[in-house]
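Right, one structure below, let's go through it.
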Amino acid sequence: MAAPSNFTFSDAVNLASAGANIIGAGVNAYLPYAQLSEGIKAAGAQKAAGIYQRGLFEVQAIDTLALANIRADQEEKIATLQAGRRLQQANIEARNYQIQSNRMLKNLRATNAAVRARAAANGVSISSGSAAQLQDVNTQTAMFDVGITDLNSMMARVFGYEDATAMYITGKQSAQYTRFAAERQASELRLAGEFAEKSGGILSRAALVDTGVKFAQTVTNPFPTIAKAF
């Protein structure tokens, strides 16, 4: 079909201009909706980021408590073992002193028996005179040494029990401090996570409001804008 004879180049330019205006009007009409969609997506991403951040803080809090419990348990076990070893060492020291005391008494009996034997061999009374005096001196000296050794045995047990008690209490207190510090740190991490989620929500709502305001200011009714191009 042939083109009309009255269709000129100017008409073609006008037609092309009208088409461009239609396309531009369509693009301008679509742009606010695209911006609205992007704004909603960005707001959702902001909120999701806050939730994700809180999740990370929660994981850190859980790990902190778990590791603290492990360390505290190890501290208590080590303190219990050290206290038990100290008690065992104290008992061994006390037993050694007791053995030493028994040897002193055994030597005392042997020494006095030798004194009595010599006295009897020489026809001297073993219950009076120099023989009796010598036995008394030996007995007094030995019993003094035995008394000191028994005192050392008792002090070894007392000091050992005190040291073991101090070790055990120190270990328990250290474990309690470890758990307490971890609980405080976990509480701070959870509080930071809560703030992160709330901040993400606030920023998300602010972004939605800003996007909505801009959309309302830009678009009222897109169809008249497109109609004007025809």
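To keep it simple, each residue is scored yes or no on (1) modelled with pLDDT of 90 or more; (2) crowded, with 16+ Cβ neighbours inside 10 Å.
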{"site": "48", "(1), (2)": "no, no"}
{"site": "86", "(1), (2)": "yes, yes"}
{"site": "103", "(1), (2)": "yes, no"}
{"site": "107", "(1), (2)": "yes, no"}
{"site": "116", "(1), (2)": "no, yes"}
{"site": "127", "(1), (2)": "no, no"}
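Only residues that are of a type in the set (D, E, K, R) and either without any contact (Cβ under 8 Å) to a residue 12 or more places away in the chain or not in a helix (DSSP H, G or I) (or both): list them for the stretch 177-207, please.
Scanning the stretch 177-207 gives 184, 188.
Only residues that are under 10 Å from residue 50 (Cβ atoms) and aliphatic (A, V, I, L, M) were counted in the stretch 180-207, giving 3.
Looking at this structure, is residue 166 surrounded by fewer than 19 Cβ atoms within 10 Å (Cβ to Cβ) and either of a type outside the set (A, V, I, L, M, F, W, C) or closer than 30 Å to residue 45 by Cα (or both)?
Numbers: surrounded by fewer than 19 Cβ atoms within 10 Å (Cβ to Cβ): yes; either of a type outside the set (A, V, I, L, M, F, W, C) or closer than 30 Å to residue 45 by Cα (or both): no.
When the stated conditions are applied, residue 166 does not pass them.
Does the stretch 107-126 include one or more residues that are of a type in the set (Lys, Arg) and closer than 30 Å to residue 173 by Cα?
No: zero hits.
The set of residues in the stretch 29-39 that are buried (at least 16 other Cβ atoms within 10 Å of the Cβ) and modelled with pLDDT of 65 or more contains only 39. Taken over the stretch 63-72, the criterion of being in contact (Cβ under 8 Å) with a residue 24 or more places away in the chain and surrounded by fewer than 13 Cβ atoms within 10 Å (Cβ to Cβ) is satisfied by 67 alone.
Is the stretch 143-153 home to any residue that is part of a helix (DSSP H, G or I), modelled with pLDDT of 90 or more and under 30 Å from residue 76 (Cα atoms)? Yes: one or more hits. Residue 75 fails exactly one of the following numbered conditions: (1) free of Cβ contacts under 8 Å to residues at least 60 places away in the same chain; (2) surrounded by 12 or more Cβ atoms within 10 Å (Cβ to Cβ); (3) over 23 Å from residue 158 (Cα atoms). What is the number of that condition? Answer for residue 75: the failing condition is (1). Scoring residue 59 on the criteria (1) part of a helix (DSSP H, G or I); (2) free of Cβ contacts under 8 Å to residues at least 40 places away in the same chain; (3) over 21 Å from the mean Cα position of the chain (by Cα); (4) surrounded by 12 or more Cβ atoms within 10 Å (Cβ to Cβ) leaves a single failure, condition (3).
The values are calculated or read from the model by the stated rules, or taken from the named source; none is laboratory data. All figures in this text were calculated on a predicted structure; none of them were measured in a lab. When we count neighbours, we look across all protein chains shown, and the Cβ atoms used for this are built from the backbone with ideal geometry, even at glycine.
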